[in-house]
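So the structure is just underneath, and the comments pick up after that.
The values are calculated or read from the model by the stated rules, or taken from the named source; none is laboratory data. Worth saying up front: this structure is predicted, and the values here are computed from it rather than measured. Neighbour counts are summed over all protein chains in view; Cβ atoms, including those assigned to glycine, are modelled from backbone coordinates with ideal geometry.
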Amino acid sequence: MGRWEPDARARLEQAALELYGERGFEQTTVAEIAGRAGLTERTFFRHFADKREVLFGGAGMLAELLTRSVAEAPDATAPIDTVATALVAIASLLEGRRDISRRRQAIIDAHPELQERELIKLASLAALLAQALRRRGVSDPAASLAAEAGIAVFKIAFVRWIDAANEADLAHIIRASLDQLKAVTAGN
């Protein structure tokens with residue numbers, strides 16, 4: 001594949017996931033990722049700051065989608081339902097990426113430093129959600145509670161979604177998980 005082929009970022013992501021799966025995260029170099037993708041190291045660094053960011057490069061897009069979804073929710077929507085709407089928007093973004101998500105998560109689960117980075121990403125998303133809710137007039141602690149609960153729902157739904165035995169779509173699992181949370185907090 002020539003260096004001029006389109007979608008260098010996706011090619012780099014694919015090459016990295018393959019190599020991390022074959023050789024391990026620590027043993028894989030940026031040069032190997034770029035070579036597998038048919039690109040240069042320089043091209044790699046135009047898209048990613050380091051080899052960890054291949055696994056976390058979409059965090060900015062997720063943050064933007066969450067923030068926009070909260071802002072666009074109808075005014076009368078309860079905070080937790082506003083968060084649910086934002087999470088379902090993320091689900092639509094991830095839906096065609098189940099296999100990639102499974103592979104990515106397996107790599108993260110095998111490395112404590114990547115697990116830490118994933119937790120930081122999720123905490124940042126919760127903080128953004130809370131901030132977006134506050135802009136809608138939701139006071140604290142309600143904004144923070146809804147945001148943190150939403151991220152907890154997302155984490156649990158995501159793990160269920162990438163389970164090979166589960167065929168349900170992510171949006172459905174998010175809604176079902178949120179319904180279970182509501183039942184638990186209502187004492188049902």
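Would you say A123 is among the aliphatic types (A, V, I, L, M), surrounded by fewer than 16 Cβ atoms within 10 Å (Cβ to Cβ) and either assigned by TED's automatic domain parsing to the domain that holds Y20 or under 12 Å from the mean Cα position of the chain (by Cα) (or both)? If you could, list the steps in order and put the result at the bottom.
Details: among the aliphatic types (A, V, I, L, M): yes; surrounded by fewer than 16 Cβ atoms within 10 Å (Cβ to Cβ): yes; either assigned by TED's automatic domain parsing to the domain that holds Y20 or under 12 Å from the mean Cα position of the chain (by Cα) (or both): yes.
Judged against the criteria, A123 is a match.
Show the residue pairs that are 6+ apart or on different chains and have beta-carbon atoms under 6 Å apart, the first residue being within region 153-166 and closer than 14 Å to A106 by Cα and part of a helix (DSSP H, G or I), the second being at pLDDT 90 or above and of a type in the set (A, V, I, L, M).
R160/I173; W161/L170; W161/I173
With the structure loaded, tell me whether L145 is assigned to a helix (DSSP H, G or I) and crowded, with 19+ Cβ neighbours inside 10 Å or whether it fails that test. Before you say what the answer is, go through the steps one by one.
Details: assigned to a helix (DSSP H, G or I): yes; crowded, with 19+ Cβ neighbours inside 10 Å: no.
For L145, the condition - assigned to a helix (DSSP H, G or I) and crowded, with 19+ Cβ neighbours inside 10 Å - is not met.
Considering only residues that are among the aliphatic types (A, V, I, L, M) and part of a helix (DSSP H, G or I), look in region 167-178 and name the one that is nearest to Q105 (Cα to Cα). Give the derivation first.
If we filter region 167-178 for residues that are among the aliphatic types (A, V, I, L, M), which is where we start, we get 168, 170-171, 173-174, 176, 178.
Imposing the further condition that a residue be part of a helix (DSSP H, G or I) reduces the set to 170-171, 173-174, 176, 178.
Working: L170: 15, A171: 18, I173: 18, I174: 18, A176: 22, L178: 22 Å.
Taking the candidates together, the pick is L170.
Kindly indicate whether any position in region 96-116 is touching a residue at least 40 places away in the same chain (Cβ under 8 Å) and closer than 19 Å to G150 by Cα.
Within region 96-116, not a single residue is touching a residue at least 40 places away in the same chain (Cβ under 8 Å) and closer than 19 Å to G150 by Cα.
Just to be sure before I move on: is I90 exposed (fewer than 13 other Cβ atoms within 10 Å of the Cβ) and not charged (D, E, K, R) in the structure I sent? It would help to see each step written out before you state the result.
On the way: exposed (fewer than 13 other Cβ atoms within 10 Å of the Cβ): no; not charged (D, E, K, R): yes.
No: the conditions fail for I90.
Within region 1-33, how many residues turn out to be more than 22 Å from R97 (Cα to Cα) and of a type in the set (A, V, I, L, M, F, W, C)?
Adding up the residues that qualify gives 4.
If I ask for residues that are over 14 Å from the mean Cα position of the chain (by Cα), without any contact (Cβ under 8 Å) to a residue 60 or more places away in the chain and surrounded by fewer than 16 Cβ atoms within 10 Å (Cβ to Cβ), which ones from region 51-71 would you list?
Answer for region 51-71, where residues must be over 14 Å from the mean Cα position of the chain (by Cα), without any contact (Cβ under 8 Å) to a residue 60 or more places away in the chain and surrounded by fewer than 16 Cβ atoms within 10 Å (Cβ to Cβ): just R68.
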